[in-house]
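A short write-up of the structure that comes next.
The values are calculated or read from the model by the stated rules, or taken from the named source; none is laboratory data. Note that the structure is a prediction, hence the values are computed from the model and not measured. For neighbour counting, all protein chains shown are included, and Cβ atoms are generated from backbone atoms with ideal geometry for every residue, glycine included.
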Amino acid sequence: MSKAELHRDGRLGILRIDNPPVNAIAPDLVTAMDAALTAFEADTSLAALVIECAGRTFVAGGDIAAFDDPSFSAGPFNALLARIEASDRPVVAALFGTVLGGGLELALACHARVATPTTRLGLPEITLGLIPGSLGTQRLPRLAGVAKACEMITSGKPISASAAAAAGIVDKLAEDHALAARELALHLAGSGAPIRRTRALIAPDADTAGAVIAEARRAAQARPWLPALAAVADCLAASVQKSFPDGEGVEARAFSDLVRTPQSRAMRHLFFAERAAQKIPGLSRDAERRTISRVGILGVGTMGAGIAMCFANAGYPLHLVETSQDGLDRGKGLIAAAYASTVTRGLISEDQAQARIGLMTGSTDMADLSDCDIVVEAVFEDMELKLSVARKLGAVCKLGAIIATNTSTLDVDRIARETGRAGDVLGTHFFSPAHIMKLLEVVRGKDTAPEVLATVMELSRRIRKTAVVSGVCYGFIGNRMAEVYMRESEAMQLEGAVPSQIDGVAENPAFLGMAMGPSRMLDMAGVDVGARTVVEWIKSGKGPQDPAYRILARTLYEHGQHGQKTGQGYYRYDNRKAVHSDDTQKLCRDLAQAHGVTRRAAIPDEEILERLLYPMINEAALILEDGIAYRPGDIDIVWTAGYGFPAWRGGPVFMADEIGLKTIVARMDHYAAALGNEHGYWTVAPLLRHLAETNSRLSDWQRHI
């Protein structure tokens with residue numbers, strides 16, 4: 001039960017909030033705060049009030065689940081803030097930890113704010129497709145200026161305590177924030193100075209706010225699929241052009257409209273999905289963890305170098321191993337260049353970069369990994385090479401060390417067996433560039449020990465990755481779905497569509513809104529990388545035994561046309577700019593003729609969207625049926641965090657429900673009849689058909705474990 005109680009400290013009232021784990025605003029907490037404030041108002045012997053929190057942080061936001069309740073209203077909390085602000089005795093907020101969303105709005109309603117130097121403050125509602133709903137759009141610009149408010153609200157990124165102090169949001173920084181807040185409250189009470197109420201202020205940059213608001217409107221018009229951006233501009237305009245009560249009405253109406261939009265519902269779905277992804281069936285929260293003090297990286301190419309940076313950025317000492325000194329030097333050069341770029345962009349200092357590089361040692365002897373607690377193997381994506389390395393690591397690594405194979409498609413169970421210690425092994429599919437991309441697919445082998453999985457999931461948080469657990473299959477969650485996406489892209493190219501049309505549909509927010517279309521994506525990643533895995537998959541006997549399957553990628557690979565790095569792939573590259581390739585189009589015509597594919601004069605954009613997206617959704621249902629993903633939300637996190645699927649769509653599973661499963665099943669059946677289904681590409685997953693027939697949602701499906 002959440003608590004908020006009034007305590008006495010001499011002449012001060014202390015309203016202490018205690019709602020673990022992050023003191024989130026919830027209806028019962030608002031009720032308790034209301035009672036505590038009433039007690040303060042009734043006790044005229046108290047000179048001032050300090051609002052503080054128990055636990056590890058000040059209020060870190062609101063109860064987002066409440067937004068789905070049709071009866072939800074921010075009214076009671078907003079009324080409480082109005083009473084705090086209207087108090088005739090000073091109210092001071094004692095801030096620490098993360099002061100986010102409703103927590104910052106609570107602080108803004110107070111008359112002064114004290115924070116520890118490590119406090120972070122922000123209004124992240126935009127990441128949920130919303131705007132602040134408790135007068136953050138009205139109080140923040142009055143206190144910090146419209147420009148700063150616009151920056152904080154539209155980015156959703158928290159700022160440091162020092163930045164907040166410079167902006168006028170925080171009045172004082174102190175290590176002992178509780179003591180400093182008490183001292184400030186008594187000082188204000190005894191000073192006789194008028195109480196400074198935020199609502200009565202005029203934005204310090206009111207005279208120049210028009211230009212900021214105009215730019216905010218232009219940015220919103222450029223991204224109409226994010227309606228919250230337009231609402232921010234409207235609310236900021238109200239903060240300087242209207243009275244506070246009128247501005248309150250503008251914000252309330254905008255928030256009410258936004259909370260019902262598909263974009264906000266999608267982004268809230270991802271918020272909860274990301275948290276659910278940390279709950280692993282059969283793995284208790286207090287499962288034993290192995291100690292990770294030193295990390296080994298075997299293979300320091302582009303991927304290995306990026307993985308090394310992930311650990312160095314988190315402060316882990318590392319040892320890098322390559323097969324030759326030249327290879328090691330190249331890897332170190334990649335790392336140095338990446339850090340130099342980070343310094344140039346002002347993201348870290350030169351001293352920080354050198355400190356991280358200083359955490360790394362290197363050699364060409366695999367035996368030097370013997371003192372590492374985890375070794376991430378990032379050698380070339382070739383099964384025979386991986387198996388050879390696995391045998392050696394099984395012998396070299398110390399007892400209890402974790403062996404992680406970085407692979408995007410290969411059989412982790414087979415690699416694990418080769419080590420002779422399968423319980424110590426799992427897969428870690430980092431996404432390139434590894435030191436930038438958020439997603440980490442953690443592949444749980446059938447013999448992976450529970451403490452190994454628990455350790456790596458905790459480690460993923462320390463290196464700031466969004467981790468999702470996958471079972472073992474070709475491509476795991478993400479690349480298994482990407483495979484059918486690429487299959488249809490290439491099939492349509494043989495039928496007559498050009499890469500720019502297909503990529504245009506994928507990237508157009510009116511259709512899908514991907515960060516990058518399928519051909520651009522594979523050209524950037526390397527056609528050779530993708531094609532080699534397909535070739536090995538087919539050779540294994542587990543892949544499609546269709547002579548035309550991904551024949552375009554396989555042929556480009558055979559011709560040495562590997563994408564950007566060779567200047568020719570699906571596109572031709574002119575100074576890294578993708579342009580139409582006549583050679584690729586001739587190849588498509590030749591391959592179509594050789595494999596009996598009928599060419600068409602035109603393929604409608606709507607068909608392109610359906611053929612890219614619907615087989616992916618169907619594959620997602622199969623992945624759930626097969627137990628490769630634990631829950632539908634895991635799939636959506638993989639695609640939004642790792643493949644550029646737009647968060648405002650909620651991921652492919654959530655988008656499927658928005659389209660309607662009956663529509664998707666009907667169109668899958670249509671394409672089976674229209675294109676033929678000899679190889680089962682258009683066979684509807686039993687789970688998908690069942691859910692469509694029962695008017696159920698795929699994103700709500702739960703496996704009974």
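Laid out as a table, the results:
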item	result
Hits in the range 28-43 (condition: under 14 Å from Leu81 (Cβ atoms) and either among the acidic types (Asp, Glu) or not assigned by TED's automatic domain parsing to the domain that holds Ser73 (or both))	Asp34
Counted residues, the range 256-272 - those being under 12 Å from Ile64 (Cβ atoms), aliphatic (A, V, I, L, M) and either in contact with a Pro (Cβ under 9 Å, 6 or more places away or on another chain) or in a loop (DSSP other than H, G, I, E, B) (or both)	1
Selection count, the range 559-583, where residues are surrounded by 19 or more Cβ atoms within 10 Å (Cβ to Cβ) and free of Cβ contacts under 8 Å to residues at least 12 places away in the same chain	0
Residues being over 31 Å from the mean Cα position of the chain (by Cα) and hydrophobic (A, V, I, L, M, F, W, C) - total across the range 144-172	0
Selection from the range 230-249 of residues that are closer than 21 Å to Gly102 by Cβ and either in contact (Cβ under 8 Å) with a residue 24 or more places away in the chain or among the basic types (Lys, Arg) (or both)	Ala231, Val232, Cys235, Leu236, Ala238, Ser239, Phe244, Gly247, Glu248
Test set (1) surrounded by fewer than 14 Cβ atoms within 10 Å (Cβ to Cβ); (2) within 25 Å of the chain's Cα centre (by Cα); (3) in a helix (DSSP H, G or I); (4) not charged (D, E, K, R) - Val343 fails condition number	(1)
Enumerated strands (runs of 3 or more DSSP E) restricted to the range 1-106, each holding at least 3 residues that are touching a strand residue (DSSP E or B) at 6+ places or on another chain (Cβ under 7 Å) and surrounded by 24 or more Cβ atoms within 10 Å (Cβ to Cβ)	48-53, 91-95
Unmet requirement for Arg120, which otherwise passes all of (1) touching a helix residue (DSSP H, G or I) at 6+ places or on another chain (Cβ under 6 Å); (2) surrounded by fewer than 24 Cβ atoms within 10 Å (Cβ to Cβ); (3) under 15 Å from Val59 (Cβ atoms)	(1)
Any hit, the range 401-416, residues being of a type in the set (Val, Ile, Thr), in a loop (DSSP other than H, G, I, E, B) and either surrounded by fewer than 21 Cβ atoms within 10 Å (Cβ to Cβ) or in contact (Cβ under 8 Å) with a residue 12 or more places away in the chain (or both)	yes
Selected residue (criterion: surrounded by the fewest Cβ atoms within 10 Å (Cβ to Cβ)) from residues of the range 519-558 that are over 19 Å from Thr409 (Cβ atoms) and in contact with a helix residue (DSSP H, G or I) (Cβ under 6 Å, 6 or more places away or on another chain)	Arg520
Meets criteria (without any contact (Cβ under 8 Å) to a residue 40 or more places away in the chain, within 12 Å of Gly569 (Cα to Cα) and of a type in the set (A, V, I, L, M)) for Leu556	yes
Matching option when the condition is of a type in the set (S, T, N, Q), under 30 Å from Asp371 (Cβ atoms), over 22 Å from the mean Cα position of the chain (by Cα) and modelled with pLDDT of 95 or more, among Thr302, Thr291	Thr291
Any hit, the range 278-289, residues being over 25 Å from Ala629 (Cβ atoms) and either outside any loop (DSSP other than H, G, I, E, B) or touching a strand residue (DSSP E or B) at 6+ places or on another chain (Cβ under 7 Å) (or both)	no
